[in-house]
Structures are given as structure tokens and as C-alpha cells.
Number of protein chains: 2
Amino acid sequence: MSVGSPLRRVDGAAKVTGRARYTDDLGVPGLRTARFLRSTMAHGLVKEIDIREALAVPGVDAVFTYEDVPRNRFATAGHPFALDKDHADVEDRLLLTRHVRYHGDEIAVVVARDELTAGRALSLIRVEYEPLKPLVKFEDILAENAPEIHPGSKNTVKEHSFEVGGSLDQAQGESEYILEERFQTQITQHCHLENHIAYAYMDDLDHIVVVSSTQIPHIARRIVGEALGLPLGRIRIVKPYIGGGFGNKQDVILEPMAAFLAWKLGRPVKIAQEREENMVSTRIRHPFRVDLRMGADKEGRLKFIDLKALSNTGAYASHGHSVVSAGVTKAHFLYPRGVYRCRARTVYGNIPSSGAMRAYGSPQIIFSIESLVENLARAAGWDSLEFRLKNVALPGDINQFNKKPLLSCGIKQALEKGRELFRWDEKRAGIPAEQTGEVRRGLGVACFSYASGTYPACVESAGARLILNQDGSFHLQVGATEIGHGSDTIFVQMAAQTLGVAAESIHMVSTQDTDITPYDPGAYASRQTYVGGQAVMRAAEKLRVKILDYCGQISGHNPANLRLEGGRIVLSGPDGAEVMSLKDLALDSYYHKDRGRQLTAEVSYKTRTNPPSFGCTFVDLEVDIPLCQVRIREICNIHDAGRIINPKTAEGQVHGGMAMSIGAALYEELLVDTSSGRIHNNNLLDYKVPTIMDTPGLTAGFVETHEPTSPYGSKSLGEPPILSPTPAIRNAVLDATGVAINELPLSPKTLFRHFKKAGIL
Amino acid sequence: MSVGSPLRRVDGAAKVTGRARYTDDLGVPGLRTARFLRSTMAHGLVKEIDIREALAVPGVDAVFTYEDVPRNRFATAGHPFALDKDHADVEDRLLLTRHVRYHGDEIAVVVARDELTAGRALSLIRVEYEPLKPLVKFEDILAENAPEIHPGSKNTVKEHSFEVGGSLDQAQGESEYILEERFQTQITQHCHLENHIAYAYMDDLDHIVVVSSTQIPHIARRIVGEALGLPLGRIRIVKPYIGGGFGNKQDVILEPMAAFLAWKLGRPVKIAQEREENMVSTRIRHPFRVDLRMGADKEGRLKFIDLKALSNTGAYASHGHSVVSAGVTKAHFLYPRGVYRCRARTVYGNIPSSGAMRAYGSPQIIFSIESLVENLARAAGWDSLEFRLKNVALPGDINQFNKKPLLSCGIKQALEKGRELFRWDEKRAGIPAEQTGEVRRGLGVACFSYASGTYPACVESAGARLILNQDGSFHLQVGATEIGHGSDTIFVQMAAQTLGVAAESIHMVSTQDTDITPYDPGAYASRQTYVGGQAVMRAAEKLRVKILDYCGQISGHNPANLRLEGGRIVLSGPDGAEVMSLKDLALDSYYHKDRGRQLTAEVSYKTRTNPPSFGCTFVDLEVDIPLCQVRIREICNIHDAGRIINPKTAEGQVHGGMAMSIGAALYEELLVDTSSGRIHNNNLLDYKVPTIMDTPGLTAGFVETHEPTSPYGSKSLGEPPILSPTPAIRNAVLDATGVAINELPLSPKTLFRHFKKAGIL
């Protein structure tokens, strides 16, 4: 079951049977519990804090306030360290704060023998605030006299602009049809099953060990060091299985405090968030306001996209401006033959901190672009699918950022495959009859482009190490982290492929431990198969060469005439006669007294390419006008993710992304009171994340291209499935009702407002 | 604090403050307890076993008898797998047995929620035996009609003989003085502070994980696989700090059963021995009977040693014949210029299993040889120190086994240094006056040779891996296991030396984990500094080259003109101008987008040399004739262990060995009833291991030679300090009383018998 096979997930049995161990299943003896005291206003200064009563509660070990912690400012974003200061993350955070910036900010922390005791102590801490005006709406944030959320920032984190692909003036001149509209996206939250959790303890050699549900152990190690003012070599982060992250665990949220407490108190301390905390005091998706202009010529050629984006990063920068920056960049590959101008700005606001979330700024941009593409086609009287087919990227089109041609590009085939699979033309022909009455049917389509990593914005490094065991099996250690998406399975297949053994012969070391795990910054940017695979392939190739060389040394054969196949070393050539089994070779390498050695291979590799993947969604839905409800009848995603390493897990990944995208399209929104900054729905009862009962049947399809820069031909597939369902649904609602809605979600509340305004209700 | 410096032990603070974590401090949630049902006779067959009542005890999970376990015969000795069958360990053991072979053999095992419940269940198991004659004395074991302890063995495990260094007949002919005597050594036990303990659980990917207090995790992994009939890749052994081993944890004793139970029951299971079990049901030192002949010519030249050794390996072979074989081989280097004939045989007996114990057969042989050397010198009327000085090895003497010359050899200097340090001649002149009366004073001396590993008997493999961290520090991972003797500290010094950084910049990964730790068979044979150091040095050199190359790439300097010093890369030459700090280089290597990579180095290395180390003991003592008690006034060991890596830890190592050797000389003996095979003193009240109150002031001295085959010039020092104190004490008692005692220990009971016989009492 090597590359291309539907290998069952290596962690599948453990996870579906409940045997798999997560951070909360582990722990060390004597763990204490820590809980944060959170601000009860969204913006203000603490004038006075009284912890005396809390300290007197039996079972309370310590209470620390913002006055008792190191004053090292640090950034929490899960990025590799930036050598050039221009790309450095914004260091705007302390372990605890006196200046509170969102409703839930961390002012103090209690350590106690258990959660109840900690909770009791928290309730006894008295805080007096000096309130400041909460800034939630863009208008308030950017107002001339607005208070500064971070002194000196003028409430702007960063802005940047670029123009590629020619002259905008000329492109406007050549455009027959030009549209300009504003789009607004909502706040969503990741809602991973496992809340953030970390515990820390001192090891026997005075290092701080943090066991954490993180996507980015190696980055967490650096940031903990920065926050505590300790060299990184004294910090060790261990990452067990994690119950989902979707980018929210690409921030370093609990680890610095857990480490600080263990270090200060000399005893193990756990911090486990409750869901209500997790929804507010981790990260959210940046709400965007996008002002978008687009023009096409008479022949339906898209001439330019002119995009102005405003992004709200909330209380602290976290990933800050990188999110909108990545979003506008990665969208470019979709329609690369026109002029593309972008102006983007990220601001602070008194809302929870925005951070990384699946597809990292692209959902907001793709929603805007694919909505306006639809509107433009309709305005010009073109079939929007045909309009897309005419303008989407083709192999050989130029990446305007690095001026190199696209080598693999299957978006046209994806649209064509979807059109056929979805019986698009047939449906399209039959639908007009269903577009009157109370329940109206509509079809929608949308496309996307994405990337396969972060290069050249960030360094793209991956590491892998392979060990040949005495029984002829291998242990595989990678820096890339399994966060539920199936990367461990993919890496097993890759190693099995290159080493010519069954997948069962590759033992995956699933836990990352920064003391010893080969360096990799972690799971984000859909980088693992493409970037992590580079290291796995090279390590496997390196070990294969060592094995064949050693076989040559033992057997006298020229290693060039040997290959690995089925757990044996065989002669090249058609008959493939066996020279020896891997097990016999391994025993010799370990135990021969005068030759050989343990055969291992380690590779650290930096990838300097970043091919885009593509895809599209077709959706067929009904809108119940009086109820303001959408019911999806059929939905299908078609992806060009290069070669599919595992069709079974690929399908699962697409299904998961589609479900999240449907949630973002129809249900989900974290509601922030615009005057007070309070969160109205910090729980899974009031925040409407769809369950399996709300999710329609999902279809996933693939057009397999071969990406030549990729270790096994693949490109990104982790985040992309979330991208196109949302705009496709929006376009189908437009198709069904004639109402073009430029905000999210398309919840009954939103639909009601728009349908009223459009006069169909 | 690099090589040669008295660096404080890296684990010192954790261990003296009690913070250090051992196996029993760890564990996983839900651990169950297992306890063995042990035979109540030393030899017999179980006729019937009834576990029904035990199974009915509330809280009992399972009871397994010899009928319920896999029937894979396995060997427990901590040796690397032998490719040639001739060197393979004897596979004479099952997980549980019906044929019981010593008083305490494992018949069944109970798993329960706690120890008390398990104990209650054990007490309810009813066993009926068919008794067989217990064979304890050599005469009984070798009797014509003795029952076979292992069917087909004739009670002999193995025998072998050799003759090196010329013709024995000729040497006898040239000898003016010939003595022949018999020596008998007792059973001693290791008495490490931490009893054997292991727990096992299934990991998420269906591997069996065993956390164990073991010296040999990689070997334990293989043996667990053999015992359970599972491929080794499915077994993972983790070794935390261990509270002493002295060879007793160079056997695989609890791990196979812990693994079996976790595998069968699917839940975590711990087996922790009590002291009473630990003293009997682990391993003991082989009791030897040595028939020794020796001859010297008129000029005092030792012409031949003719040695016949009989070794009792007890109920199961364990290390079996290897122990006497190693003992007779390693003693040869001491007096290498005569003929050396050996005939050795190892037999089974119905006593606890003998295994590896500090110095592995050499104490028994060195005691015999150094006692007879003393007797011979006295018989010829020579000063025994002069006799030794005339005959001990000199550089250039030929190792009769590999026919190569000794490259480093400081035994002559050691004797001379000791003579001076100890004021031997002065004392010797004054003593005769104190050799009458009730309390008589005596001086004694004895020498030894040992080895620095097991080559060519076994493969000598070691592995190390180094990682350059972002802060310019390093993590060092080695396969060699810290068992309390200080190897981690030594490896830190070696790496610091070669990498030109402070010892604090080397972070030691102390825990071995067979899934990922570079291969090394473990801690035994005093191999770690010599053999493990080879891998550490080579890994450090490899990484140094990578660092300097990378610095060249960044800076434009020729790497040949660069060196590492004080955590910086500097130009060669006297001024040593700084090119960059290691930290800056590390940051670049990790985070430059277009060059570099994580810098690591891994080396697996097989050593094919094995230089002997040497040393001697001088002792000054008093014998109280009426009380039959010995009081040591002064004792000193002088060692040639090559270059001393750390004088502070070296001294500690020598002190520990001397204390153990004094225990063996004067107090310790595990008493086995010769007719029933029962053990009389399976506890630390009745087994007289000396405490600090029984130990005199100890002096350690060194003559530093430089061993050219050694990574940093050193040779073995772990076990050797135990070798010469025992015979030196025996010789001093002879000096004081005129009574030559050829058995151990020289306890009041033994002295009484001999003094009576000699008529001085």
C-alpha cells in the first residue's frame, strides 16, 4: 500500500476506538491546575487588583498578576523566526496584561490543586478598571480620535500594496464591463473537538518540558523561550495526538504560561481551556471588508482585479497582516492573465485575536472574487461557468510573483470534470422551471487557487529520519505534525514506496519532541505532503542507497545492479532474483563484528518552490424564501492537488473542508456586540457549527496532474477544500433568487434582510 | 569544563535532591500490578496448579500459569544477537515454568488492581509438586546419577580451553617454584538501591511499550520480541534513570512478562520486585571453584599459569559460560609473558541464576591468581611487590589472543605510585613489631588487568546523534545508557571538547528510547567511555565539519582556516578573530530561506579494538584474632585507565568499586542451603552489604597513560575498581596472621575456622 493506494489511516483504529491518547490522557504525577482571570470588559486599564482573598483559599498554590510575570514582549504567531526584521511577527503581548484589549483578556492566573479550587479563587479576585472605548467596527477603529489599542500603533498593524500583470489603467481601458462591490466576511471559529490544553514540568536536568496540543512544537519552543527570556535549548515541547487544530493551534497560546508556572513553582502545572474560553481566548478568523473592482473585455476576458482589503486582527496581532497578505497572493494563480492590484491593511480591534484558520485569508478573498466573477458574468450576460473556463489558469501561465510558468495546472479539467460529474448542463437546462414559488432551486459554481506552502514568505524547512530495524522494518521520524489530517499515513506511504516495503513495515513515530525530532516548523499552510514529503523522500532515498551499498559490500554485487522490492534486495532486471532479505541485511549490519553499522538516514531540506493547487465546487440547492433557509441538494468539489497519494484520506480531507465551508456559508458567526465588545455566543449551543445532521451528501473528485517539483507529484490538499463551497453556495442562492448577497453567513437573519430589501419577501 | 576537567555530574543536582525520576516515579494512568507465584522448592515439577480461588478475588484481572503463555524459549543475557550460532546465548527459559529449578522460580503470575490484592490472590493458588533432588554443590551437580536440571544438558552449559604463550611443558621445566592450590568464591548479589521494575502498555499504533529499569534497552527490545514471538519493530523500550544495576540489569528479567501482560490484557501493567524477590529472582555472581597452578623460575620470572575453573550458573544459563570465559581472558593481560593455560566449565545448579555482575568473572579469577602469586612469592622468599613489579605487563608486551602489542600500559607505574603514596616500604619496615599479640597488622597488595569492552567476543557498536539548536547549544543523544556511573557527564565533556563549547551548551538526552535512540547495546563491560566515546567523538567531528563548512558558505572564508572555540567560529591562527557566533550561524542555518538546513550529525560506529586497563590495591589492616575481625586502616587503589576524562567522577567510581570489593572480601555471601536449595538471607538485614559506617577511608590514584586507539585516550574504569581490593585484603590477612585463606568472604565465621585450623586461636 504505497503511494497512490487507499491505505487505511495508521492512526485510524486507535482514534475510532477511543484508544488514542491526547494531552489530557497523559500527564505526570502531581499535576496542578491553572486558570486565568479574564477581563470583564473589552477595553480598559486595570486600576487595582486584589488577590488576597484568593490566595487564602485552601489548595491554592499561587496567584500571579500582570505585575508578577516577566516583561518580555513576544509574538504568538506560529511562524518560523524571520531573519529579516521586515517579516518579523509583531511582539505585542505579555504573559499577563494590565491593558485589557478584548472581553476575556488575561489579567491574572491562579494555580491550585484542582479546577474547582482555582475557580473559587478566581471568583475572589477583585479588579477595578478604568474603561476605554471598545473599538469593534472598522469605522470606530479607524476614527481620528480613537484610543490606541496598542500605544503607538494608530490601530494599524501593517499595510502593503502591489500591482502585477501589467498596467491597471490600460486594463481598465480595455474593459467593456466593470463592476465594483463591497464584501464583508464574518468571524468564525475553528471549533476543533479538543480544546487547547498544555501541561508543563521541570525535567531532571532543569529543562522546562511542555506537553501541548499544538500544531507547531518547534515554533512553540522558540516562543516559550522568548516569553520567559530563556535560551531555547532549555525548553522542550512534546506534541502527542491532537484533536484538531485548523490553524488555531498554530498559535502559541497556553504554552508560555504553563512553562512559566512550572518553572516558577517547580511543580507540574496543567492549563486546560473550557469550550467557552476556547471560543474567545484562542484565535478566530479575521473578518475582512473587501472593496473589489473587476473588469472584462467584450470577449469575456478578465482584464483586471483591483482589490482593497481591510482585515481586523483583533486584540493582538498574532498572525496579523500575514493573513490578508497570504490571502491576496494565493488567489492570484486562479486568473493569472490580467492585471492584479491589491491594497491591504490590517487593523487592531477590541475583539478576540484573529489568527490562522484553515486557508488563512484565502476564504475571505476567494469569496469576494468568486462572487464578483459571478456578478460580472451575469451582468455581461455570460454563462459564469464558461466565463471561468475562459479565464482560469492554464499550464504555462506565468506566476506574476516569481515570473515562472505554472508547471501543473488542472483547473480547466476540474471544471470540465465537475460539469460532467454534476450533470451541470442538464441541470441548468431543467432549473428555470423551479425558480418561481416559495422554494426556488439554484446552481452555483466557484473556483479557487491556493499554494503548497509559504515560500517565499517564510522559510520552508522539513526534516525526516529513518532507521532500519533488525527485523527489516523501519522507524520513521518526521518533524511534520499529524494534527488529524492524515499526514502520518501519507509519510508512511511515501517511505514504503521509496524503500520498496509494505506500509506495515514503516513504524511511524507520531509524537514530536523538540529535543530530538528533526526540525520542521509544523502543520500549516497545507505544506506537509509537499514540503514534508521532500524530506521523507530524500531520507528514504539516502537510506536506500546505504542499504544497497551495504548489500553490495556483503554480496559482492555492484550496488548499481540492485534494487529494493517487497522487503528484499533483488537484482535489477526482469527476473529480479533475490540477493537477500532486508531482515538478513539488517541483522548483519547490526551484529557483524567487523563490518557494518546501524543504518539510518536523516535529511533536513529547504523547499524553494511552491506550486499552486486548484479546484472548484458545484452546488445544487433550494432556497425556502419564507423560511429564509437554504437546503443543499447536491454538492461536489473537484480538486487538482497533483498526484493523489491516498485516495481514501484525500476524500476525507475534501469532505471535512466542504463541511466547514458549508458552515461558514450558511450558519457560523461569532457575534461580537459592536458597542461593548462582549461575545454573545461563546459556546456550541449558540454558535451554530453544523453537525453531521446538517451536512448534505458530499462528493469529492480529483483531476490528477503531476507536479514535477513535488516529491511524489502532489500539491496541497489540506486547506483548499474549504475555499470554493462558500462562494458556490452564495452564487447558487443568487441563481435561485436573483439576490446577490455580499456578506456571510447566509443565515436566515441575513437572507431575511436581503430578501426583504429585494422585495421577494 | 571539557575533557580532563572535574565537571560536576550533569544529573548530580537532580539525584542528590531527590528530584530525579525513576521508573516508579513515572507510569501511565490505569496501571495494574502483576506479581509472580514463585516455587517453594528448588527442584521439581508442578503436578497440579489450581487458580480458581485466586481468580475469584475481587480486583484480580487475570491469572496466567505456565500453561497460558507462549512457548518460545529465549535467553535473557544482555548480549547483542550473535550471528554465529557458536556464540549464541542459551535459550533455556520460558515466561513461566512447570519444571522449577530454584527456590523462587516463576510458575504463575497474577494481575490485579494493587499489590495487596495480587498478594492475596497469590496466597490462594494451590500447587502440588513432584520433588527432584536439589543440586547445589559441584559434587552433586556433576554426580553420575544427578537429575538433569535442563533435559539433555548433563548439567553442563559449556566448556572450553586454550593455551597461549608457548609450551606449558617447557615452562614447567623452567620453573624452580611451582604451587598448586584450590580457590572457592562465594555467591554475592548486586544490591543496587532500586529493585527491578518495569511497566508496559500498548501504544496507539499497537506497539508494546515497556518502561524499564534496564542497562540494555536495545537488547531488551530484541529479547521481548523473541519471548513473545513478535517482530522487534513492534516493541519499544524506554529507559529512564536507573538506581544502579552493576550487571544485574544487564539481564532481561521483568520486561518480557510485563510486555506479555500488557499485550494480552490491553491495559498497562507494572511489575515491581520487592527486595526479597530481587535478591533471589534476578541474578547473582557465579560462584567459582578455581584449581590453579603457577610456576616461576629462579630469577622470579613467572613462567606459567595453569587455571581450571568451574562456574555455577544456577537455574538458568543467563550469561552462562561467557562469565568465566571473560574472566580468564581478561586476567591474561596482567602477566602476559608466560604460558597461560585455561580449562573452564560452566554448570547448572539449583541455585538462583548467576548473571553479569560488576567485572563479570574477573573478580573470581583475579582473586585466585593474585592470592597464588602472593603465596608463590612467599614460598620462594621474595617480596611479593617486587615479584609483581618484575612480571607485570609492559608496553609492547604481546596480547596473546590477538598477537598485537599493548600500546598503553601503566601497571608498573601504578605499583610504583602506590608504593610511594602508601609509604609501603616505610610501613613494611615497621610492621613486624605489630604481628604478634591479639591484634595483628598486615599489608597487602594485588593487581589486575581488565578490558575496555567485549570485542572480539561480541560486536562493539555505539551510536550518537548531535543537533545544533537555534541558540547555539547542542542536544546530544546516545545509545549508551547512564546507569548511575556518570557516562552522561563524560559524553557531555567529550562533545563539548570537540565542538569547542562549554559543557553547559551540551544538553544531554538522558532517556533511551529504542524507537529513536541511536543503537548501542547498553551499559556493561566498562565499555561506555571507550566504545560509546568513539561514536560521540565522530558525531561531534562530523557536526564540526558541517558547521565550519556552513560558516565558509556564509562568510566566504575557507573552512580549513576556521575552528570552533568558546561557542564561536574563529579564524585559525594565534589571534583567533571571531567570524560569527554559533548562535548566529545556527539562526541562519534554520531560518535562511534559500540556504542552509538544520545541522545534525549521527554516527553509528563499531569498535574493533579493546585495550586492557590495569591497576592495583595497597591495603594496611589489623586482624583481631580472638574476635576474628578485620579492620582496614588504610586502603588505596591506583588505576591506569588511560587518560582520565573527569577526575571527580573517576574518583567516585573507584571509591564505589573499592567499597563493593571490601564487601565481597569481608562480609557478603548469599547463603544457599546445600541440601534444600533454600536461601537463608534474601534481605538486607541478613545479607551483610557494608554501609558507609563499615567502609574505611578510601584513596584513589591514577597514572594517566594515553591509549592511542581511544577517542580521548581513555580506557575502562567502570568495573575495574572492584578487582584488586579483595585479594589485597586476603594477602594482608595472610601477612598479618600467616594464615593463607583461599575462600571468601573473610568473615568471622571463615576466619574462625581457618585460625582454629592454623592453631592461632
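The values are calculated or read from the model by the stated rules, or taken from the named source; none is laboratory data. Model, not experiment: these values are computed from the prediction. As a convention, Cβ positions derive from the backbone with ideal geometry for all residues, glycine included, and neighbour counts pool all protein chains shown. Accessible surface is based on the protein model in full, side chains and every heavy atom, while ligands, DNA and RNA are left aside. Shrake-Rupley method; radii C 1.70, N 1.55, O 1.52, S 1.80 Å.
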Can you name the residue in region B:279-316 that is among the small types (Gly, Ala, Ser) and over 26 Å from the mean Cα position of the chain (by Cα) and, of all such residues, is surrounded by the fewest Cβ atoms within 10 Å (Cβ to Cβ)?
B:Gly300
Could you tell me whether region A:93-100 includes any residue that is more than 14 Å from every other protein chain (Cβ to nearest Cβ) and among the polar types (S, T, N, Q)?
yes
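What's the total number of residues in region B:608-632 that are among the charged types (D, E, K, R) and either under 23 Å from the mean Cα position of the chain (by Cα) or within 14 Å of chain A (Cβ to nearest Cβ) (or both)?
1
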Any idea which residue in region B:96-144 is least open to solvent (accessible area, probe 1.4 Å), counting only those that are under 29 Å from the mean Cα position of the chain (by Cα) and basic (Lys, Arg)?
B:Arg101
For region A:384-400: of the residues being in contact (Cβ under 8 Å) with a residue 40 or more places away in the chain and within 16 Å of A:Lys298 (Cα to Cα), which is surrounded by the most Cβ atoms within 10 Å (Cβ to Cβ)?
A:Arg388
For region A:699-744, enumerate the residues that are assigned to a loop (DSSP other than H, G, I, E, B) and hydrophobic (A, V, I, L, M, F, W, C).
A:Val703, A:Leu717, A:Leu723, A:Val739, A:Ala740, A:Ile741, A:Leu744
Which condition from (1) under 30 Å from A:Ala42 (Cβ atoms); (2) assigned to a helix (DSSP H, G or I); (3) open to solvent by 40 Å² or more (accessible area, probe 1.4 Å) is the one that A:Gly652 breaks?
(1)
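Taking the stated definitions as given, is B:Ala171 farther than 30 Å from B:Ala377 by Cβ and in contact (Cβ under 8 Å) with a residue 24 or more places away in the chain? Step through it out loud before you land on a result.
Working: farther than 30 Å from B:Ala377 by Cβ: no; in contact (Cβ under 8 Å) with a residue 24 or more places away in the chain: yes.
Answer is no for this residue.
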How about region A:288-337: which of its residues are farther than 15 Å from A:Ala359 by Cα, of a type in the set (Val, Ile, Thr) and not in a strand (DSSP E or B)?
none
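Checking the structure you have, find out if any residue of region B:497-505 is within 14 Å of chain A (Cβ to nearest Cβ), hydrophobic (A, V, I, L, M, F, W, C) and not in a loop (DSSP other than H, G, I, E, B). Full working, then the answer.
Filtering region B:497-505 down to residues within 14 Å of chain A (Cβ to nearest Cβ) leaves B:499, B:501-505.
The next check asks that each one be hydrophobic (A, V, I, L, M, F, W, C); those that pass are B:499, B:501-503.
With not in a loop (DSSP other than H, G, I, E, B) added as a condition, the list becomes B:499, B:503.
Within region B:497-505, one or more residues are within 14 Å of chain A (Cβ to nearest Cβ), hydrophobic (A, V, I, L, M, F, W, C) and not in a loop (DSSP other than H, G, I, E, B).
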In region A:654-663, is there at least one residue being touching a residue at least 40 places away in the same chain (Cβ under 8 Å), touching a Pro at 6+ places or on another chain (Cβ under 9 Å) and under 18 Å from A:Tyr712 (Cβ atoms)?
no
Could you please find all residues in region A:455-496 being more than 10 Å from chain B (Cβ to nearest Cβ) and charged (D, E, K, R)?
A:Glu482
Out of all the residues in region B:162-170, is one or more open to solvent by 30 Å² or more (accessible area, probe 1.4 Å), farther than 30 Å from B:Val69 by Cβ, aromatic (Phe, Trp, Tyr) and more than 14 Å from chain A (Cβ to nearest Cβ)?
yes
Could we say that B:Lys47 is closer than 30 Å to B:Ser487 by Cβ, touching a residue at least 40 places away in the same chain (Cβ under 8 Å) and charged (D, E, K, R) here?
no
Exactly one condition in (1) in contact with a Gly (Cβ under 8 Å, 6 or more places away or on another chain); (2) under 21 Å from A:Asn312 (Cβ atoms) is not met by A:Thr117; state its number.
(2)
Suppose the filter is in a loop (DSSP other than H, G, I, E, B), surrounded by 17 or more Cβ atoms within 10 Å (Cβ to Cβ) and within 39 Å of the chain's Cα centre (by Cα); does A:Ile635 pass it?
no
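May I ask you to verify whether B:Pro612 is touching a Phe, Trp or Tyr at 6+ places or on another chain (Cβ under 9 Å), crowded, with 17+ Cβ neighbours inside 10 Å and not β-branched (Val, Ile, Thr)?
Values: touching a Phe, Trp or Tyr at 6+ places or on another chain (Cβ under 9 Å): yes; crowded, with 17+ Cβ neighbours inside 10 Å: yes; not β-branched (Val, Ile, Thr): yes.
Answer is yes for this residue.
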Pairing a residue in region A:532-543 that is under 14 Å from A:Tyr519 (Cα atoms) with any residue that is assigned to a helix (DSSP H, G or I), where Cβ atoms lie under 7 Å and the two sit 6 or more apart in sequence or on different chains, gives A:Gly532/A:Ser487; A:Gly532/A:Phe491; A:Gly533/A:Met494; A:Val536/A:Phe491; A:Val536/A:Met494; A:Val536/A:Ala495
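Being open to solvent by 20 Å² or more (accessible area, probe 1.4 Å), polar (S, T, N, Q) and in contact (Cβ under 8 Å) with a residue 60 or more places away in the chain narrows it down to one residue among B:Thr691, B:Thr699, B:Thr737, B:Thr695; which is it? Even if it seems obvious, please write down each step before you answer.
Numbers: B:Thr691 fails: in contact (Cβ under 8 Å) with a residue 60 or more places away in the chain; B:Thr737 fails: open to solvent by 20 Å² or more (accessible area, probe 1.4 Å); B:Thr695 fails: in contact (Cβ under 8 Å) with a residue 60 or more places away in the chain.
Criteria check complete, one pass: B:Thr699.
Scan B:Val623, B:Val672, B:Val630 and give me the residue that is of a type in the set (Val, Ile, Thr), open to solvent by less than 10 Å² (accessible area, probe 1.4 Å) and in contact (Cβ under 8 Å) with a residue 24 or more places away in the chain.
Values: B:Val672 fails: open to solvent by less than 10 Å² (accessible area, probe 1.4 Å); B:Val630 fails: open to solvent by less than 10 Å² (accessible area, probe 1.4 Å).
Among B:Val623, B:Val672, B:Val630, only B:Val623 is of a type in the set (Val, Ile, Thr), open to solvent by less than 10 Å² (accessible area, probe 1.4 Å) and in contact (Cβ under 8 Å) with a residue 24 or more places away in the chain.
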